[in-house]
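Accompanying notes for the structure given below.
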Amino acid sequence: MKIIHRFTESSASNVGQGGMPEHSTQKADLEAPILEAVHLRKVFPLRGLRLFGPPRGVQAVEDVSLALRPGCSTALVGESGSGKTTVARLLAQLYPRTAGELLFRGQPLTGKSSRALRQYRRYVQLIFQDPFASLNPMHTIYYHLSRPLRIYGHAHSAAEEERQVTALLERVNLTPARQFLRQFPHQLSGGQRQRVAIARALAARPAVLLADEPVSMLDVSIRLEVLNLLLRLKAEDRLALLYITHDIASARYFADETLVMYAGQMVEGGPSEAVTQAPRHPYTQLLLLAAPNPARLGMAEQRPDSPLLETRGEPPSLVNPPGGCRFHPRCPFAMPVCRTQVPPRTELGNGHWTRCYLYGESSKPTCSNVARSAQSKES
Amino acid sequence: METETVLEVKHVSVDYASASGAVHAVDDVSFSLARGQIFGLAGESGSGKSTLAYAIARLLRPPAIVTQGQVLYYPRPGAAGKNGKNTPAPVDVLRLRPEELRAFRWRTLSIVFQSAMNALNPVLTIGAQITDVLRAHEPAMPRKAQQERAAELLRLVGISADRLQSYPHELSGGMRQRAIIAIALALNPEIIIMDEPTTALDVVVQREILAEIMALRERLGFSVIFITHDLSLLLEITDQIAIMYAGRIVETATQQQLYRQPRHPYTYGLLHSFPTLHGPRRSMTGIPGSPPNLRVLPSGCAFHPRCSLRFGACQAVIPTLLTPTSTAQNQQVACHLYDASLHPPHLPGELGNTQIEQIDNQELALQRESGNENHTSLY
């Protein structure tokens, strides 16, 4: 226990330095969540006839709970296949959920009619990863932005519609707006297209914005501007923002709260600075060790020695996932209990939590048995 | 590190012929690669980095044409030349005859392509694709020896030899990329061009592959031209880095110089465009605007419309690479700010002040210490 704490405490001294604004989640009083997911589960059924045994499926998301609050950004971090996009699509009700509940403004969502869904999407909008695919090449920018205005009844006349479309373009810094109105998506650069996609989401005047890897397809030098744009819009409209990314470093800067997913399970969460600077779950630690670090010049001589970096292997198949904690086959600290039971949520203080038996009250691992299990794994 | 040059690129330009005139994708690029060195080539999409690599390997097809320049390969001095001399004359790769080129490719210079998924043939086993190289280049080699060499190569990159009979779709993304590296190593080349070898992979797998490449280079002593858009990654693994913008090299330096003392405003912007995980949170400035359209390049320095430090000369004259100070010998920058004859405005502290460099060094040393402590304490 102590050893892993030391890893975290020495680097935790960096928290809050550098003159960046303190995160809002660090305040004691939190606003009521606007959108909440409770024990969300999603299994994609597999086709094919099976005479014996239960039907198989891809267990993409297993017991995920999260809360999005107005004016707060939450990052969902994970590798490809970890289920982070599935979570976003479940939240947007693009996929029906297998189990679990969605609460919008405290009310459980039950309606499945298209009217109920449209009403829901008036408040919850999604931004997709690829701006080259999410805009229709056959339609002008004006068409893309005016449609949500019409569908949700925000514009009542043609003049008003045009005025609002222009205002939307200006909000996402596409100026002079008039120049863009009649253009087609192919005439814009990647960054401009993603701004149009953001403007389209804003047109509905949502309360929740789900951004699924909004900058991973963009060039490095323009990513930051798009991220800062999202942050500004979040602050202006007090949007609840879910930022899905595979880049945990950007979560540190961009999100108040960070949640880490592995193979469909949520393994750790809390204030971004705590999760990135004092990671507790071995998977989060592995993710952070593996991230490129320019301060570590010359990898050959200064490669960190950690049993975590020796962990070979890749995320498991979700058709037949390992029991218990899904990280246990790769975890150098795995104990017998990890193989059989899903670890409960352990609160670490200040809203930081993890699902790992290394920190559980029940098992109380000591330094020696962590070291032993690491050894037995190696041998 | 040996300082002997193995490859020298001299004033290479590549044009893409198009209906609206030639597009200069690579414009007068020169650099040299030392034996055993890892040379990083960084730039955004459209900066010409991949085109340059393909030009070196002579893989460009019309409409791309190499309009000028030389790519000189210096054979190993130990190996006696044709006329028995100890130091054979350099060979211009761009002027090799087809049969010489066939011998040069793969035996001397091999390429690892970006997408392992597309670079491997889906209907041939991994083993067949490795022995294909051996059959083509060493027809005299007995079939059994070829099989053994293929198995040896797979073991070299960390795949068990029984995977020889596997098809690409049976391997994970990381293993496919390893297999590609194994094929590139088949004839023990002196130079390997790696074009975004880890871009499509998750960070943990990326880290494994990079560690593998570094270890193999230690053992086999090849040189690498490493192309990526991820500057933070380059800073960590390379010896020398060249930053490309709109077809030209704007700055070249050792990775330490580049990280501690970037000279070109574009490099400075890039370094402040990606979030960092370690150390205090820095404020990120980013770069306004977006990369230029190569068809209509801005006059003078192509970066000037996005540059906050531009002055009169920037719009008129294309800057050439020059050494900014007498102390930084390996660092060259193409920026008028460092050309005293043009009377540039005063440099802001970040780009010119050496005191900042010292502070950075101290900070770095501190970080490194605390970093080491963190990692050892994981045991």
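In segment B:317-329, which residues are modelled with pLDDT of 85 or more and within 13 Å of B:Pro344 (Cβ to Cβ)? Correct list: B:Val317, B:Pro319. Here B:Thr125 meets each of (1) loosely packed, with under 13 Cβ neighbours inside 10 Å; (2) modelled with pLDDT of 90 or more with one exception, condition (1).
In segment A:37-67, which residues are touching an Asp or Glu at 6+ places or on another chain (Cβ under 7 Å), over 15 Å from A:Tyr95 (Cα atoms) and not small (Gly, Ala, Ser)?
A:Val38, A:His39
Listed here are the residues, each with its yes/no results for (1) surrounded by fewer than 24 Cβ atoms within 10 Å (Cβ to Cβ); (2) within 12 Å of chain B (Cβ to nearest Cβ); (3) under 30 Å from A:Asn320 (Cα atoms); (4) touching a residue at least 40 places away in the same chain (Cβ under 8 Å).
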{"residue": "A:Leu229", "(1), (2), (3), (4)": "yes, yes, no, yes"}
{"residue": "A:Leu242", "(1), (2), (3), (4)": "no, no, yes, yes"}
{"residue": "A:Leu259", "(1), (2), (3), (4)": "no, no, yes, yes"}
{"residue": "A:Ala274", "(1), (2), (3), (4)": "no, no, no, yes"}
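Any residue at all in segment A:48-61 that is within 12 Å of the chain's Cα centre (by Cα) and in a loop (DSSP other than H, G, I, E, B)? No: zero hits.
Does segment A:207-219 contain any residue that is within 11 Å of chain B (Cβ to nearest Cβ), part of a helix (DSSP H, G or I) and not hydroxyl-bearing (Ser, Thr, Tyr)? No: zero hits. From the list A:Pro292, A:Pro304, A:Pro332, which residue is closer than 24 Å to B:Thr199 by Cβ, at the interface with chain B (Cβ under 10 Å from one of its Cβ atoms), buried (at least 16 other Cβ atoms within 10 Å of the Cβ) and at pLDDT 65 or above? Going through A:Pro292, A:Pro304, A:Pro332 in turn, the sole match is A:Pro292.
Matching residues to (1) under 23 Å from B:Lys49 (Cα atoms); (2) modelled with pLDDT under 90:
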site	(1), (2)
B:Arg149	no, no
B:Val157	no, yes
B:Ala161	no, yes
B:Gly174	no, yes
B:Ile191	yes, no
B:Glu212	no, yes
B:Glu218	no, yes
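Taking the conditions (1) assigned to a loop (DSSP other than H, G, I, E, B); (2) over 30 Å from the mean Cα position of the chain (by Cα) in turn, A:Arg178 satisfies each one other than (1). For B:Ile241, state whether it is more than 12 Å from chain A (Cβ to nearest Cβ) and of a type in the set (Val, Ile, Thr). So B:Ile241 does not fit the description; no. In segment A:58-70, the residues that are within 19 Å of A:Leu209 (Cβ to Cβ) form Cβ pairs under 9 Å with partners that are modelled with pLDDT under 90 and polar (S, T, N, Q), at six or more places apart or across chains, as follows: A:Arg69/A:Ser24; A:Arg69/A:Thr25.
For B:Ala211, the criteria (1) of a type in the set (Gly, Ala, Ser); (2) within 19 Å of B:Thr108 (Cα to Cα); (3) in contact with a helix residue (DSSP H, G or I) (Cβ under 8 Å, 6 or more places away or on another chain) hold in every case but one, which is (2). Every condition in (1) buried (at least 24 other Cβ atoms within 10 Å of the Cβ); (2) at positive phi holds for B:Gly289 except the one numbered (1). Looking across segment A:221-244 at every residue that is touching a Ser or Thr at 6+ places or on another chain (Cβ under 7 Å) and of a type in the set (Val, Ile, Thr), the one that is farthest from B:Val203 (Cα to Cα) is identified as A:Ile222.
The residues on offer are A:Gln192, A:Gln285, and the sole one that is within 11 Å of another protein chain (Cβ to nearest Cβ) and more than 29 Å from A:Pro315 (Cα to Cα) is A:Gln192. Taking segment B:87-102 as the range and being assigned to a helix (DSSP H, G or I) and either exposed (fewer than 13 other Cβ atoms within 10 Å of the Cβ) or not hydrophobic (A, V, I, L, M, F, W, C) (or both) as the test, the residues that pass are B:Arg95, B:Pro98, B:Glu99, B:Glu100, B:Arg102. Applying a threshold of 6 Å to beta carbon distances and a minimum spacing of six or more residues, or different chains, the list of pairs starting in segment B:99-127 at a residue that is at positive phi and ending at one that is outside any helix (DSSP H, G or I) and at pLDDT 85 or above reads B:Trp106/B:Leu187.
In segment A:134-143, the count of residues that are in a helix (DSSP H, G or I), farther than 23 Å from A:Asp212 by Cα and not aromatic (Phe, Trp, Tyr) is zero.
Conditions tested, residue by residue: (1) at the interface with another protein chain (Cβ under 7 Å from one of its Cβ atoms); (2) crowded, with 24+ Cβ neighbours inside 10 Å; (3) modelled with pLDDT of 85 or more; (4) not in a helix (DSSP H, G or I).
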{"position": "B:Ala215", "(1), (2), (3), (4)": "no, no, yes, no"}
{"position": "B:Pro262", "(1), (2), (3), (4)": "no, no, yes, yes"}
{"position": "B:Leu270", "(1), (2), (3), (4)": "yes, yes, yes, no"}
{"position": "B:Thr276", "(1), (2), (3), (4)": "yes, no, no, yes"}
{"position": "B:Arg282", "(1), (2), (3), (4)": "yes, no, no, yes"}
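Determine whether A:Asp247 is at pLDDT below 90 and facing chain B (nearest Cβ under 7 Å). When the stated conditions are applied, A:Asp247 does not pass them.
Which of the residues belonging to segment B:150-208 are among the polar types (S, T, N, Q) and within 11 Å of another protein chain (Cβ to nearest Cβ)?
B:Ser172, B:Thr198, B:Thr199, B:Gln206
Can you say whether A:Arg200 is under 18 Å from A:Asp237 (Cα atoms) and away from every other protein chain (no Cβ under 14 Å), as far as the supplied structure shows?
When the stated conditions are applied, A:Arg200 passes them.
Here's the yes/no breakdown for (1) modelled with pLDDT of 90 or more; (2) under 19 Å from A:Thr354 (Cα atoms):
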{"residue": "A:Leu35", "(1), (2)": "yes, no"}
{"residue": "A:Lys42", "(1), (2)": "yes, no"}
{"residue": "A:Leu51", "(1), (2)": "no, no"}
{"residue": "A:Arg69", "(1), (2)": "yes, no"}
{"residue": "A:Thr74", "(1), (2)": "yes, yes"}
{"residue": "A:Val87", "(1), (2)": "yes, yes"}
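Taken together, B:Ile225, B:Ile287 contain a single residue that is more than 8 Å from chain A (Cβ to nearest Cβ) and among the hydrophobic types (A, V, I, L, M, F, W, C), which is B:Ile225.
The values are calculated or read from the model by the stated rules, or taken from the named source; none is laboratory data. Remember, it's a predicted structure, so these values are computed and weren't measured experimentally. Because the Cβ atoms are built from the backbone with ideal geometry, glycine has one as well, and the counts that use them run over all protein chains shown.
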